[in-house]
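J.: Dropping the structure in here first, questions after.
The values are calculated or read from the model by the stated rules, or taken from the named source; none is laboratory data. As the structure is a computational prediction, the values presented were derived from the model and not from experiment. Note that we place each Cβ from the backbone using ideal geometry, even for glycine, and neighbour counts take in every protein chain shown. The area values use the complete protein model at the heavy-atom level, side chains included, leaving out ligands, DNA and RNA. Shrake-Rupley method; radii C 1.70, N 1.55, O 1.52, S 1.80 Å.
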Amino acid sequence: SLAARREARPRRGRRGGGAPARVAVRERVATAVGDLSYRVDATGFWQVHRDAPAALVDAVLAAARPEPGQRVVDLYSGAGLFTLPLARAVGEGGRVDAVEVNDRAVKDARRNLHDSPQATLHVAGVTAAVVEGLGSGVDAVVLDPPRSGAGTQVMTALTELRPGRIVYVACDPAALARDLRTAVDHGYDVTALTGYDLFPHTHHVECVAVLEPRSS
Ligand SMILES: C[S@@+](CC[C@H](N)C(=O)[O-])C[C@H]1O[C@@H](n2cnc3c(N)ncnc32)[C@H](O)[C@@H]1O
């Protein structure tokens, strides 16, 4: 369940008069996803549909299968929607590296993950070099890029990390298809693909795709 609260307070102003009171909206919104709580910059990214965060967190955890002690990478991580449950799942003996270009989103993520020393938050654009810099021994990668997708170079670098699972959350099916093609060309199979109607009454559909290394 999701409880969003916009923190608003009326500004001091003239009483009476006919003019409507001006309301100053504070910069952050507090929200909950199950027993996880987040604060998100009012100008930053957050899933639009009120049930989307919980649905996507469940889908990502089921697909990434993070275990205590494992190493997980969360790319395009925003305010930490997936980073927080992934960090909880790998525990203090594990490690989550999250990469996000928007420094205000990372600032929120730092607050949201202040109790999770196993999470390392990187303020950076996701590039092939950044992915290569994450090193080896990655068990699972979660990525949730913007509509343009991750692109050939990033997808190729991801497959070279050889994670056991790549979980791709996508808001643009065409960009997803292009990126899946790259992964398939580099030894991965699409083992699950689920559509979510997170933008009802529009043609938009959110997808979660799972890639696993081809066994033969
Ligand atoms: C679809 S949102 C997903 C955020 C988060 N996973 C969530 O569900 O709340 C995409 C995120 O990618 C970030 N982003 C866009 N381009 C990026 C890039 N080149 N490198 C890293 N992050 C980027 C955006 O700032 C945004 O937070």
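J.: State whether region 45-213 is rounded, prolate or oblate according to the following rule on the C-alpha gyration tensor (a ≥ b ≥ c being the square roots of its eigenvalues): a/c under 1.5 gives rounded; otherwise a/b larger than b/c gives prolate, and the remaining case gives oblate. Don't jump to the answer; show the numbers that get you there.
T.: Numbers: a/c = 1.42, a/b = 1.10, b/c = 1.30.
Since a/c stays below 1.5, the shape of region 45-213 is classed as rounded.
J.: If Lys and Arg each add +1 and Asp and Glu each add -1, what is the summed charge of the other residues whose beta carbon sits under 10 Å from the beta carbon of residue 49? Each step should come with its number before you reach the end.
T.: Numbers: positive: 50; negative: 51, 197, 206.
Every neighbour counted, the sum reads -2.
J.: Among 70, 47, 118, which one shows the highest mean-square fluctuation when the chain is modelled as a Gaussian network with alpha-carbon springs under 10 Å?
T.: 47
J.: Pull up all non-local amide H partners of residue 74: gap of 5 or more, or a different chain, and H-to-H distance under 5 Å with H placed in the peptide plane.
T.: Amide H to amide H, under 5 Å and 5 or more residues apart or across chains, residue 74 pairs with 97, 98, 99, 142.
J.: If one computes the Cα centroid of region 74-89 and of region 130-161, what distance in Å separates the two points?
T.: So the separation of the two Cα centres works out to 15 Å.
J.: A follow-up question, please. Label-point separation (nm) for residue 153 and residue 103, each offset 7 Å from Cα along Cα-to-Cβ?
T.: The two pseudo-label positions are separated by 2.3 nm.
J.: In square angstrom, rounded to the nearest 10, how much accessible surface does residue 39 have for a 1.4 Å probe?
T.: Per-residue accessible area (residue 39): approximately 80 Å².
J.: Oh, and also: Gaussian network model of the chain, Cα springs within a sub-10 Å range: biggest mean-square fluctuation belongs to which of 159, 202, 127?
T.: 202
J.: Separate question: So for 215, 37, what's the accessible-area order with a 1.4 Å probe, most first?
T.: From most exposed to least exposed: 215, 37.
J.: Full extension from residue 193 to residue 123: what is 0.36 nm times the residue separation minus their Cα-Cα distance, to one decimal in nm?
T.: Details: separation 70, 0.36 × 70 = 25.20 nm, distance 2.94 nm.
Length difference between fully extended and current span is 22.3 nm.
J.: Can you sort 212, 67 by 1.4 Å-probe accessible area, starting with the largest? Please list the in-between numbers first.
T.: Numbers: 212 50, 67 95 Å².
The residues order as 67, 212, largest area first.
J.: For the chain, find the longest principal axis of its Cα atoms and tell me its angle to the long axis of helix 152-161, 0 to 90°, nearest 10.
T.: 60
J.: Please give the per residue accessible area of the chain, computed with a probe of 1.4 Å over protein heavy atoms only, in Å². Mind dumping the intermediate values first?
T.: Details: 11230 Å² over 216 residues.
For the chain, the solvent-accessible area averages 52 Å² per residue.
J.: Express the carbon and sulfur contribution to the solvent-accessible surface of the chain as a percent, rounded to the nearest whole number, probe 1.4 angstrom. Walk me through the intermediate numbers first.
T.: Numbers: 5710 of 11230 Å².
C and S atoms contribute 51 percent here.
J.: Kindly express, to the nearest 10 degrees and within the range 0 to 90, the angle between helix 173-185's C-alpha long axis and the longest C-alpha principal axis of the chain.
T.: Result, in degrees: 30.
J.: Shifting gears a bit: Once both axes come from the Cα atoms, what is the angle between helix 52-64 and the longest principal axis of the chain, in degrees from 0 to 90, rounded to 10?
T.: 20
J.: Would you mind telling me which residue in 177, 87, 79 has the biggest mean-square fluctuation in a Gaussian network model of the chain, where springs connect alpha carbons within a distance under 10 angstrom?
T.: The residue with the greatest mean-square fluctuation here is 177.
J.: If you stretched the chain out fully between residue 114 and residue 212, how much longer would it get, using 0.36 nm times the residue separation minus the C-alpha to C-alpha distance? Provide the component values of the computation, followed by the final result.
T.: Numbers: separation 98, 0.36 × 98 = 35.28 nm, distance 3.15 nm.
Working it through step by step, the gained length comes to 32.1 nm.
J.: Further question: Add +1 for every Lys or Arg and -1 for every Asp or Glu among the other residues with Cβ under 15 Å from the Cβ of residue 198, and state the total.
T.: -4
J.: Something else now. Cα centroids of region 108-123 and region 180-216: how far apart, whole angstrom?
T.: 27
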